[in-house]
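Participant: First the structure, then my questions, so here it is.
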Amino acid sequence: MDVVTIGESMAVFTPTSVGLMRQATTFTMRIGGAESNVAVGLARLGHRVGWISKVGSDEFGKAILSFLKGEGVDVSRVKMDGEAPTGIYFKEQRRLNDTRVYYYRKGSAASRLTPADLDEKYIAEAKYLHITGITPALSENCRDTVFAAMAMARRHGVKIVFDPNLRLKLWNEADRAKEVMLRMAAESDVVLPGEAEASFLFGKQSVEEWGSRLLDMGASLVVIKLGANGAHYFTNAHHEYVPGFPVERVIDPVGAGDGFAAGLLSGLLEGLRLTEAVQRANAVGALVTMVEGDADGMPERDDVERLINQRREDVTR
């Protein structure tokens, strides 16, 4: 297995019309969740990836498993819970570039994950463990599960990739969110915050200062996402800004950060130079925004290479 990730996937309902959700009469249903988005992104790029979670023994849970299996994601370590539902959320597209989400996931099957649900051998066989700051926000036992998975990864030399993916709506206290995320960052090899997340963790500073702070905490690679502007990566030996790919019209921004993580992991797995790995991450993130849906816009390898090659041609013209 190249990558194992842990987290909640949900049924996502989006009105078929733009505007206030109170006026919507019809919805489309898709599948979404940060970690499973990354899993789909990696699978479409040709990597072997497994997803650990719980889903309800309901039609939404079955839909999630069917969708992920169809995308080539290994779900053999996902458990079905007959006593708790699969989480859902609604995505409201009020107007262009104004998308809001509303979660209905309290008490969901995934929130009942415990360390006993983990298979240490399964994690040990991966090259990377991908985690986010969403899962530990779901419940205390989910928090314990994430840290238990990280401990298993460290015992077996599996590199840990942490995307803060801050969702303050899920945390009861901002201070608790900061405490948990800083601990996760300190125990990870690769940390991928966005600008807002870095500011939340360390206060308003320069990108260089954020990168330095995270390296000092123990990460070997820090990549700070700058949205449409690209990303800036840092190691103890080098740092570099890598420009993003302009998107004429953003259809749906949700999932772009997950696409970025998938693209970066893909580059790392293939041994690309860091600049090229971050460029791939930028390209995947940009392509995701051009399609409606969370995982739906995850591109295949040909799409990514076409976008990158187009930039090369533009530069050499």
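Values in this text are rule-based calculations from the coordinates and carry no lab data. Predicted, not measured: the structure shown is a model, and the values here were computed from it. Please note: Cβ atoms are built from the backbone with ideal geometry, for glycine as well, and neighbour counts cover all protein chains shown.
Participant: Put +1 on the Cβ of each Lys and Arg and -1 on the Cβ of each Asp and Glu in region 158-262; which of ALA174, VAL158, LEU215 then has its Cα farthest toward the positive end of the dipole?
Facilitator: Result: ALA174, furthest along the dipole toward the positive end.
Participant: Order of TRP210, TRP171, TRP51 from fewest to most other C-beta atoms within 10 Å?
Facilitator: TRP171, TRP210, TRP51
Participant: Also, I was wondering about something else. Test of understanding: what is the full-extension gain from GLU208 to GLN310, defined as 0.36 nm times their sequence separation minus their Cα-Cα distance?
Facilitator: Result for the pair: 33.8 nm of gain on full extension.
Participant: Have a look at the chain and give its Rg and Dmax from the Cα atoms, expressed in angstrom.
Facilitator: Both quantities, over Cα of the chain: 18.4, 61 Å.
Participant: Could you give the distance between the Cα centres of region 185-218 and region 90-106, to the whole Å?
Facilitator: 27
Participant: Then there's this: Please list, by residue number, everything in region 109-133 whose backbone N is under 16 Å from a paramagnetic label point 7 Å out along Cα→Cβ of SER76.
Facilitator: Answer for region 109-133: 118-127.
Participant: When only C-alpha pairs under 8 Å and at least 6 residues apart count, what is the relative contact order of the chain, in percent?
Facilitator: Reported as a whole number, the value is 16 percent.
Participant: For a quick check: sort HIS239, HIS47 by the number of other beta carbons within 10 angstrom, fewest at the front.
Facilitator: Fewest-to-most Cβ neighbours within 10 Å comes out as HIS239, HIS47.
Participant: With +1 on each Lys and Arg Cβ and -1 on each Asp and Glu Cβ, and nothing else charged, work out how big the dipole of region 184-317 is about its Cα centre, in Debye to the nearest 20.
Facilitator: For this selection, approximately 400 debye.
Participant: Number of Lys-Lys pairs in the chain under 12 Å by Cα, sequence gap 8 or more or different chains?
Facilitator: So the count of such lysine pairs works out to 5.
Participant: Only bridges with both residues in region 1-50 count here: give the DSSP antiparallel percent, nearest 5.
Facilitator: Working: 6 of 8 bridges.
Percentage antiparallel, nearest 5: 75.
Participant: Only bridges whose two residues both fall in the chain count here: according to DSSP, what percent of them are antiparallel, nearest 5?
Facilitator: Restricted to the chain, the bridges split so that about 50 percent are antiparallel.
Participant: Let me ask another. With +1 assigned to the C-beta of every Lys and Arg and -1 to the C-beta of every Asp and Glu, and no other charges, what is the dipole magnitude of region 137-180 about the Cα centre in debye, to the nearest 20? Numbers along the way, then the final one.
Facilitator: Numbers: 8 positive and 6 negative charges, 41 e Å.
It comes to approximately 200 debye.
Participant: Given labels modelled 7 Å from the Cα in the Cβ direction, how far is it in nm from GLU83 to VAL247?
Facilitator: Using points 7 Å along Cα→Cβ, the separation is 4.1 nm.
Participant: Nearest 500 deg cm²/dmol is fine: what mean residue ellipticity at 222 nm does the chain get from its DSSP H runs of n ≥ 4 alone, each adding -39,500 (n - 2.57), divided by its residue count?
Facilitator: Here the helix-only value at 222 nm equals -12000 deg cm²/dmol.
Participant: Looking at region 88-226, what % of its DSSP beta bridges pair antiparallel, to the nearest 5?
Facilitator: Restricted to region 88-226, the bridges split so that about 40 percent are antiparallel.
Participant: Then there's this: What distance in nm separates the two pseudo spin-label positions at LEU20 and ALA186, each 7 Å out from Cα along the beta-carbon direction?
Facilitator: With each label point 7 Å from Cα toward Cβ, the separation is 4.7 nm.
Participant: List the relative contact order of region 182-271 as a percent without decimals, with contacts defined as Cα pairs under 8 Å and 6+ residues apart.
Facilitator: Here the relative contact order equals 22 percent.
Participant: How do PHE13, PHE234 rank when sorted from fewest to most other Cβ atoms within 10 Å of their own Cβ? Show your work: numbers first, answer last.
Facilitator: Details: PHE13 19, PHE234 24.
Result, fewest neighbours first: PHE13, PHE234.
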